[in-house]
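What follows is one structure encoded as structure tokens, with my remarks underneath.
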Amino acid sequence: MTRFAYASSTSFALCMSLLPAACELKHQLDPGEDTDATTGTDTMTSDSASSTSMSSTSSDPGPGDGSATDGPGVEGPFVDCADLPAGGDTVAPGPPGVLGFPEQACDPRTSGSANGYRCCSTDPATADGQLPAYEGKGITGSTPLYADAANGAGRWGMCVDTTVIPDGSGLLADDAMNCPIPCNPTWDDLDIAKVCGVGRVCCQTIELGAKDCVQDDGVWRAVTGADIGDASVMPPTNWNNAAHDTHQDPNGVVCLAASGNDVSSPEFVQCIRTLSVADQRGFCMAFGPGQMCPADDPSYVDACEAMN
């Protein structure tokens with residue numbers, strides 16, 4: 001698993017991209033300045049999966065600006081799980097898309113719950129880049145920022161009928177009881193096994209959008225929070241509300257709270273670097289022989305790869 005470097009101080013360039021007024025003042029005042037665990041998280045089967053630029057028109061400067069809102073960057077509303085009828089697919093609404101999941105996500109912060117459906121977070125991210133230490137799962141790591149007990153903190157999830165998830169195989173925190181285990185499809189196999197269980201896989205749930213892509217050394221790839229303030233990637237990003245299609249925690253609201261509301265702290269900078277888009281969110285799956293996550297199929301081309 002890739003570990004994010006712990007920043008001992010905030011560079012002036014990065015700080016300026018996060019909170020210009022406060023960082024300018026700071027510069028003037030101070031110019032010199034894993035153990036394996038058996039998780040048994042076979043929460044879903046293949047059947048259930050198949051069933052930037054800095055905006056010139058936005059006044060939203062990006063992470064740490066203290067904005068009270070951080071609405072969806074995608075067009076159109078998220079689905080409200082409370083509106084779904086009983087007896088539908090395990091993951092709803094609608095037929096599965098290219099990745100085997102419904103193409104419409106839900107927002108755990110605003111979605112209701114009814115008829116067994118709950119908006120379950122798909123984001124396992126932690127503030128320091130370690131594995132998520134989900135409640136009762138025996139995983140060595142750190143507290144999840146947007147999943148488990150913090151299920152309602154992030155804005156990306158899927159409507160899941162948690163009544164059909166076998167007891168004990170999903171998450172155990174009250175706010176996400178029986179939700180499938182969130183995971184990161186870009187983790188290495190060892191980390192996926194630690195979180196999902198031996199022999200299980202991590203499947204991406206929502207596709208990347210075109211605005212999720214940046215060009216790095218001539219190659220288009222998915223943006224991450226580590227790209228904030230990096231002039232070598234194009235288009236530049238400030239991670240504000242409109243910056244990308246599927247980015248988590250616009251403006252770094254959750255990261256700011258997790259770092260004691262101190263935008264100049266190393267903890268805040270490190271947390272911002274862990275932010276991601278749809279390619280780093282998914283659910284743990286149990287597949288049969290010869291099956292694979294649709295995004296792992298060699299013929300699958302995501303929005304960023306299509307630009308190369």
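The values are calculated or read from the model by the stated rules, or taken from the named source; none is laboratory data. The model shown is predicted, which means the values in this text are computed figures rather than measured ones. FYI the Cβ positions are ideal-geometry reconstructions off the backbone, even for glycines, and counts take in every protein chain you see.
Things worth noting here:
- Criterion: farther than 24 Å from Leu275 by Cα and either touching a Phe, Trp or Tyr at 6+ places or on another chain (Cβ under 9 Å) or modelled with pLDDT of 95 or more (or both) - qualifying residue of Pro85, Pro95, Pro72: Pro85
- Per-region count, region 159-211, residues assigned to a loop (DSSP other than H, G, I, E, B), within 19 Å of Lys137 (Cβ to Cβ) and acidic (Asp, Glu): 2
- Residue identified as within 30 Å of Pro93 (Cα to Cα), hydroxyl-bearing (Ser, Thr, Tyr) and either touching a Gly at 6+ places or on another chain (Cβ under 7 Å) or not in a helix (DSSP H, G or I) (or both) among Ser264, Ser299: Ser299
- Applying the set (1) small (Gly, Ala, Ser); (2) surrounded by fewer than 16 Cβ atoms within 10 Å (Cβ to Cβ); (3) over 21 Å from Ala150 (Cα atoms) to Gly260 leaves exactly one unmet item: (3).
- Asp217 fulfils the conditions (1) loosely packed, with under 15 Cβ neighbours inside 10 Å; (2) closer than 30 Å to Pro96 by Cα; (3) of a type in the set (D, E, K, R) except for a single criterion, (2).
- Some residue of region 211-223 being more than 21 Å from Ala242 (Cα to Cα), in contact with a Phe, Trp or Tyr (Cβ under 8 Å, 6 or more places away or on another chain) and β-branched (Val, Ile, Thr): no
- The residues listed here are Gly112, Gly154, Gly138; of these, the one that is assigned to a loop (DSSP other than H, G, I, E, B), of a type in the set (Gly, Ala, Ser) and out of contact with any Asp or Glu (no Cβ under 9 Å at 6 or more places or on another chain) is Gly138.
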